[in-house]
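Report on one structure; see the data block that follows.
Nothing in this text is a laboratory measurement; each read-out follows from the coordinates by a stated rule. On a predicted model such as this, the values are computed, not experimentally measured, just so you know. Because the Cβ atoms are built from the backbone with ideal geometry, glycine has one as well, and the counts that use them run over all protein chains shown.
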Amino acid sequence: MRKYLEAGVSHAQVTREKAEEIVKDLVKAGEVRAEEAQDAVKDLVERSRKSSEALTERVRTEVKDQLAKLQPATQADLDALAKRVAAVEKKTRAPARKPAARKPAAKKPAAK
């Protein structure tokens with residue numbers, strides 16, 4: 001019976017109603033006595049909750065590990081980059097300086 005319960009819990013989260021349905025089937029099949037049914041329901045729901053929590057923790061850990069490997073940009077990185085872009089944009093928008101006034105070219109004497 002325990003293997004049956006563990007297999008069911010390992011594949012999906014079990015609601016109290018679903019647990020009661022499973023245990024009712026086990027009582028009918030004679031694998032669980034009617035007196036043990038409520039304890040079996042509680043046990044199944046508790047195992048399901050623990051299994052879900054363990055899965056959630058495994059997923060969190062894996063996501064954290066994968067993000068660490070990817071080394072995504074931090075908010076500080078993005079802020080620094082935004083400042084650099086703003087500085088470049090400011091430079092390119094600044095009015096162009098007028099070139100220095102040129103002296104008129106000296107006339108060359110005509111060749112004779």
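Summary table
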read-out	value
Label point distance in nm, Leu70-Glu35, each placed 7 Å from Cα along Cα→Cβ	5.6 nm
3J(HN,Hα) from dihedral phi, the range 39-55, Karplus parametrisation 6.51/-1.76/1.60, rounded to Hz, x for glycine, proline	5, 5, 4, 4, 4, 5, 5, 5, 4, 4, 4, 5, 5, 5, 4, 5, 5
Note, ³J(HN,Hα) from phi for the range 73-87, Karplus 6.51, -1.76, 1.60, rounded to Hz, x at Gly and Pro	5, 8, 5, 5, 4, 5, 5, 5, 5, 4, 5, 5, 4, 4, 5
Amide hydrogen neighbours beyond the local backbone of Val32, cut-off 5 Å, H modeled	Val27
Cα centre as origin, Lys/Arg/Asp/Glu Cβ charges: the range 2-92 dipole, Debye	600 debye
Cβ-based charge dipole, the range 2-92, positive-most Cα from Ala86, Ile22, Val59	Ala86
Spherically averaged projected area of the range 2-92 from its Cα convex hull (nm²)	9.2 nm²
